[in-house]
1. How high is the FRET efficiency between Ala46 and Asn303 when r is their beta carbon distance and R₀ equals 25 Å, given to the nearest 0.05?
2. Among the chymotrypsin sites (Phe, Trp or Tyr not before Pro) within the range 255-329, which fall in a DSSP loop and have no more than 12 other Cβ atoms within 10 Å of their own Cβ?
3. So which residue, out of Arg68, Arg57, Arg241, gets the largest mean-square fluctuation from a GNM of the chain using Cα contacts under 10 Å as springs?
4. Could you state the number of Å between the C-alpha centres of the range 130-173 and the range 285-322?
5. Of (1) 36, 24, 17; (2) 34, 21, 20; (3) 42, 19, 17, which is the value of semi-axes √(5λ) of the Cα gyration tensor in Å derived from the coordinates here?
6. Using a Gaussian network for the chain with springs between C-alpha atoms less than 10 Å apart, which of these wobbles most: Ser310, Ser192, Ser177?
7. Just subtract the alpha-carbon distance of Ala64 and Ala100 from 0.36 nm times their residue separation and send over the number in nm, one decimal.
8. Tell me the mean residue ellipticity at 222 nm calculated for the chain from its helices only (DSSP H runs of n ≥ 4, each -39500 (n - 2.57), averaged over every residue, nearest 500).
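Nothing in this text is a laboratory measurement; each read-out follows from the coordinates by a stated rule. From a predicted model like this one, the values you see are computed outputs, not experimental measurements. Here the Cβ is made from the backbone with ideal geometry for all residues, glycine too, and neighbour counts use every protein chain on show.
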Amino acid sequence: MDMRRWHVTPKLMMDRRSCLALTGAALCVPFLVRAQNDDLRSALDALPQLHSIQISRGDDTLFAEAPRGPGLDRLANIKSCSKSIVALLLGAALDRGDIASVRAPLAEVAPRIVPANATPGAGSITLEDLVTLRAGLERTSGANYGAWVNSGNWLSYALSRPMVAEPGGQMLYSTGSTHILGAALTEATGQSLLAQARNRLGQPLGIEIPPWTRDPQGYYMGGNEMALRPTAMLRIARLMRDGGRYDGTQVISEGWIAASTVPYARSPWSGLSYGYGWFLSPSGYTLARGYGGQIIASHKARNLAVAITSDPTQPARSAGYFGDLMRLLDGPVLALA
C-alpha cells in the first residue's frame, strides 16, 4: 500500500478556515482560488441564459469562459449598453471642445434636429438631461418602442412626445433620449456616431466597431443595437475602472469618468442609481446594462473589470435574470478580488 496517499487526503479534506489556521494564508491561496472558481462555476451553471463572462483584476484575467453562445471573440449585440457608449462619446466631445458644456441646451448644440412640431420646451432640454435619461419627454422604450422605430422620423417623433415630467427631474428610461443625444453629437462634431465610436474609442482601445442600425434620416441609432466582441466589452470595462485610461493612453478624461459615477437619478425598476449613462450599484459597481443580460461593469475599489453577454432574445428583468446577474457580481465575482 502506498502510504503517501494518507498524507495528502487530510489536506484535501480541510475546509478554508482549517487551511488558513494550520498552514498559513499564503499556502492556501491555490486552494482558495480553486474554491472561488468552483463557486463561480456553480453559479454560472444555474444561469442558462448566460453566454459568456470575463473577469479582470488589474492587468490579469481571472476568469474568461463562454459556457454557451458563440464565444468570446464573436460579435454580440450589446443592446442598451450602447447608451453607455454614447455617454462616453459625449465625454470625448466635451474633451475636444466640440461641445462647450454638458449643460448646453439642445437648440444651441444641434438646432437642425429640433423639428418645427417639437413639444414646447424640447429645445431647452440639456445634454445632461439626455445622458441622465431625465429629458422629461414621454418614453419611447417599453410599450412605446415599436411605434417609435416604425415612425418615419425618429427624432421628430421623440421630440414631439408630450412632456410628462420636468426636464432634469425623474429618470424616464427612453432609448429616444439617447438617440437624440447621439444625433446632437453628430451635428456638433460633424462626424457620424459610427465614425466617433471608431476614432475616439475603437482605435485607442484596439477594438472593432462595425456599423449598426440607422434611422430613416441616416443617424446611427443612439442607445441600442450596437455590436461588440465580448473581449472588446472587457476593454471598455477596464477603461471605466482605470479612470479613462487604457494601455497607458488617456482615452476619455478622468474628470468625465468621475462625473459619470455621480448619481443623478434612480431607476424605478432596479433601484440602481444612474449617472452619465452608467448605472451605479450600492456595492460599488459602475455598469452598462443591455436587454437580455448584457453587462459592462467595473469596480474601481476592487480593481475589477467584468464583461457578461447573454441570450439577447430573452428578457432580463430586475426581479428576474438581471437580479441573478447582480447577485453573481456581488457574490462570486467580488469574492475573486
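1. It comes to 0.40.
2. Sites meeting the loop and neighbour criteria: Trp269.
3. For the chain, modelled as a Gaussian network with Cα springs under 10 Å, the answer is Arg68.
4. Taking the Cα centre of the range 130-173 as reference, the centre of the range 285-322 is 24 Å away.
5. (3)
6. Greatest mean-square fluctuation among the candidates belongs to Ser192.
7. 8.9 nm
8. After summing the helix terms and dividing by the residues of the chain, the value is -10000 deg cm²/dmol.
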